[in-house]
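Derivation of every value follows stated rules applied to the coordinates shown; laboratory data play no part. Keep in mind that what you see is a predicted model, and the values were worked out from it rather than measured. All Cβ positions, glycine included, derive from the backbone under ideal geometry; neighbour counts span all protein chains shown.
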Amino acid sequence: MKDFFKKLPEQAVRVVVVFLVLAVVVFVIRQFIIPPEMKEPALQRASSEEREAAKEIHYAGAQSCVQCHDKEPEIKKSGYHRDLACESCHGAAQKHVDNPTDVKPTSPKKRDYCAYCHKYNFSRPTGFPQINPDMHNPRKPCISCHNPHNPKPPTTPRSCNACHAQIERAKAASYHALITCTVCHTAPEKHKISPRTVIPTKPDKREFCGKCHDKASPRKGVPTVDMATHGEKYVCWQCHYPHTLGGI
Amino acid sequence: METAQNFMELSKQVVGFIYPNEIDIQWSILIVVYPYITGLVAGAFILASLVKVFNVKELQPTYRLAMLTALAFMLIAPLPLQLHLGRPERSYEMFMTPNLTSAMAMFGFVYLWYLMLVLLLEIYFEYRRDMIVWSSESTGLKKWVLKILSLFSTDISEKAVAFDKKTVKIITIIGIPSAFLLHGYVGFIFGSIKANPWWSSVMMPVVFLFSAIVSGIAMVMLLYMIIKPLLGGKIDMKCLDKVASFLFYAVIVDFSIEVLDFIHRLYESEESIKILSQLVTTKLFISLVVLQILMGMLLPLAVMAVIKVFKLQEEVRKLLYFVCGLLIQLGIFSTRWNVVIGGQLFSKSFRGLTTYKMELMGMEGFLVALALLILPFVILSILIKLLPPWKKEELAGS
């Protein structure tokens, strides 16, 4: 070996030395600075598991809730919120599990919390219960009508204005104020449960309005037209909006 | 907020149907600069190898300049990638924990091999004798820098210098496949992306390689024409004609390969052909048809053909060579742009196109890209100060 270096010209020896020094530097960095888990995939996996396991636990999981609470999970089991975890609304509850008396989980009571899921948004699936918070019983907390553990309203909405408040208010100031919704619309019972899949009817024949508004109608004090010539092939509400003041 | 605004603005310029994650493109101008710079390195080195391996004596005056140019651009080559990825201080880990199955990680090793075992070694052996002489002549900081660069070597005997010459030749022979590997790799990384019909082609490494040779030779030619007169020398017309003639052949080969690739795509006429032809005729029309093909390739080819056919005067030749060099640089930069940006402008659904809006400021912006393109010239000027490519007697004699 010594002879080999002696035979090499001095500049080549210098270059070899530089490369040897670099090789030693790389070796030292790899051996002593780079942590072992960066070099060995098995170790890397183990260390990431360790790191994850060391993190503080925030969520207790639904199983922990049912160990102490009987009533609410029982109600929730058959309701529409059955697939929703308790902690989705009540927040992370591990601290409550550790210390049930001093730490209490939160329970959202304001309207805006329910609106996260139930505010009308056209990208939500058809049939998913959605409301416009400004129209749907404004200022009234959701939980005054809906039990969040079984959110179906306890009684089916008595009148249409529970959901269609805006139309109801407009109609109240129109000539049709005294006509109830069901005179013109037939709402199947299921509409109250699945409002977007089961839709009420609208008058689909001109003769329906003609019962009051045809020239031949016996009703007094109502504007009438000759249905034979007026509007031809159109259904009346295609031009006259029946819920507003003048109806036009 | 700014991102959302930018997104909304871009979404208005979308043509046809495009998936939401394709609207804003991910590989920006920095990724355009990267293959452009690496291409210059490989090209400049190939020019240098013509002198040492293929004994083209006329090109001797450009040899050292070509080596220094390759080194200056090589030092900046990984910077655009590091700035694009972020956390450049972690890049050394790539060498410490090698991932042998990742093509991108292998670039680190190709780069290291080329920088350490080809460029630096060759420049060391080429300049060693001169560095010893210059350090003995100079004083102060320069003396010590040269001493360190020569690794404190002192032997300038004939035997030692002969050894240097022999080593340089061997390194250049190793360097040619290495230079091919360096830029072929850049083409490989694009060519191997199966999901992208604009990139996925076995021709890609070859196309990249030849465009690299074209851009490198043109860059050294430009630098030779600028720097030599600046240092007080005279342009060697024999050398310049020879460089230009190599450039001419390189452009012809590059053009033929690109045309071959184009015809091949047309004949194959895969399902992507419609969207690609829409891409070429709309969004890439200026950068591909006008800048890359007409101005960057056909025009310089025509001009150089005219120079070859008609015996023009020296001054006219110089001017035309210079213009050709500039046009070729513009054309090759457009080539990189068309590959990198073009490949991201169409939807994988093949039904729509998006637009690239370049930032001005910011890490991925125009100013950073410009700085990265200027930086190699700053490094080159320092290298030339320290290691002059032409000796005083050469400058005076020519």
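Of the residues A:S174, A:P188, A:P203, the one whose Cα sits farthest toward the positive end of the charge dipole of the stretch A:139-248, with +1 on the Cβ of Lys and Arg and -1 on the Cβ of Asp and Glu, is A:P188. Relative contact order of the stretch A:28-133, taken over Cα pairs closer than 8 Å and 6 or more residues apart, is 17 percent. Rounded to the nearest Hz, the phi-derived 3J(HN,Hα) couplings of the stretch B:173-181 under the Karplus curve 6.51 cos²θ - 1.76 cosθ + 1.60 (θ = phi - 60°) are 4, 5, x, 4, x, 5, 5, 4, 5, where x marks glycine and proline. Taken as Cα centroids, the stretch B:1-59 and the stretch B:159-190 sit 25 Å apart, rounded to the nearest whole angstrom. Using C-alpha pairs below 8 Å separated by at least 6 residues, the relative contact order for chain B is 30 percent. Picking from A:S47, A:C239, A:L20, whose Cα lies most toward the positive end of the charge dipole for the protein assembly as shown (charges on Cβ: Lys, Arg +1; Asp, Glu -1)? Comparing the listed Cα positions along the dipole, A:C239 ranks first.
Can you list the residues of the stretch B:50-72 with backbone N under 19 Å from a point 7 Å past the Cα of B:E314, pointing along Cα to Cβ? Hits in the stretch B:50-72 for B:E314 at 19 Å: B:58-62. Considering only B:Q5, B:P300, B:L223, and ranking their Cα positions along the charge dipole of the protein assembly as shown that arises from unit charges at the beta-carbon of Lys, Arg, Asp and Glu, the one farthest toward the positive end is B:Q5.
Multiplying the residue separation of A:Q166 and A:C117 by 0.36 nm and subtracting their alpha-carbon distance yields 15.5 nm.
Take peptides B:62-74, A:49-61, B:266-278 and line them up by average Cβ neighbours within 10 Å, highest first, as a rough protection proxy. It would help to have the intermediate numbers written out before the result.
Values: B:62-74: 26.5, A:49-61: 10.6, B:266-278: 13.4.
Per-residue mean Cβ counts within 10 Å order the peptides as B:62-74, B:266-278, A:49-61.
Sequentially through the stretch B:151-161, phi angles give Karplus couplings (6.51, -1.76, 1.60; θ = phi - 60°) of 6, 6, 6, 10, 7, 10, 5, 4, 5, 5, 5 Hz, Gly and Pro residues having no value and appearing as x. Each Cα pair under 8 Å and six or more residues apart adds its sequence gap; the mean of these over the residue count of chain A is a relative contact order of 12 percent. Taking the stretch B:195-234 and a reference point 7 angstrom along Cα→Cβ of B:Y19, the backbone N atoms nearer than 20 Å belong to B:195-201. For the protein assembly as shown, a crude dipole built from +1 on the beta carbon of Lys and Arg and -1 on the beta carbon of Asp and Glu, taken about the Cα centre, is about 1100 debye to the nearest 20. For chain A, take the longest principal axis of its alpha carbons; what is the angle in degrees between that and the long axis of helix A:41-53, to the nearest 10 within 0 to 90? For helix A:41-53, the angle is close to 50 degrees. Label-to-label distance for A:L8 and A:N132 is 8.5 nm, based on points extended 7 Å past Cα in the beta-carbon direction. Where the centre of each part is set by its Cα atoms, how far does the stretch A:44-70 sit from the stretch B:282-345, in angstrom? Computed from Cα coordinates, the inter-centre distance equals 63 Å.
The listed peptides B:188-201, B:94-107, ordered by packing as a protection proxy, come out as B:188-201, B:94-107 (highest mean of other Cβ atoms within 10 Å first). Which residues among the stretch B:50-69 fall inside the zone where the amide N is under 11 Å from a point 7 Å beyond the Cα of B:S138, along Cα→Cβ? Under cut-off, by backbone N: nothing.
Counting only Cβ charges, +1 for Lys and Arg and -1 for Asp and Glu, the dipole size of chain A around its Cα centre is about 760 debye.
Tell me whether the stretch A:83-154 comes out rounded, prolate or oblate; compute the Cα gyration tensor, take square roots of the eigenvalues as a ≥ b ≥ c, and use a/c under 1.5 as the rounded threshold. Prolate shape, in that a/c is at least 1.5 and a/b is the bigger ratio. For the stretch A:208-248 versus the stretch B:229-250, the inter-centroid distance based on Cα atoms is 94 Å.
For the peptides B:125-136, A:164-175, B:29-40, the ranking by mean Cβ contacts within 10 Å, running from highest to lowest, is B:29-40, B:125-136, A:164-175. Given +1 at the Cβ of Lys and Arg, -1 at the Cβ of Asp and Glu and no other charges, the dipole of chain B around its Cα centre is 840 debye to the nearest 20. For a straight C-alpha distance cut-off of 17 angstrom, the aspartates and glutamates reachable from B:K318 (same-chain residues fewer than eight places away being disregarded) are B:E58, B:D236, B:D241. Close amide H partners of A:K119, meaning residues 5 or more places away or on another chain with modelled amide H under 5 Å apart, are A:I131. Between B:F7 and A:K233, the simple spin-label model (points 7 angstrom out along Cα→Cβ) gives 4.6 nm. The 3J(HN,Hα) values that the Karplus relation (6.51, -1.76, 1.60; θ = phi - 60°) gives for the stretch B:46-61 are, in residue order, 4, 4, 4, 5, 4, 6, 7, 8, 9, 6, 7, 4, 4, 8, 3, x Hz. Gly and Pro appear as x.
Inter-chain neighbour count for A:6-17: the average number of beta-carbon atoms from partner chains within 10 Å of each residue's beta-carbon is 5. With the simple spin-label model, which puts each label point 7 Å out from Cα in the Cβ direction, the B:S192 to A:Q63 separation comes to 4.5 nm.
So how much slack lies between B:Y267 and B:R87, counting 0.36 nm per residue of separation and subtracting their Cα-Cα distance, in nm?
Going from the current span to full extension adds 60.4 nm.
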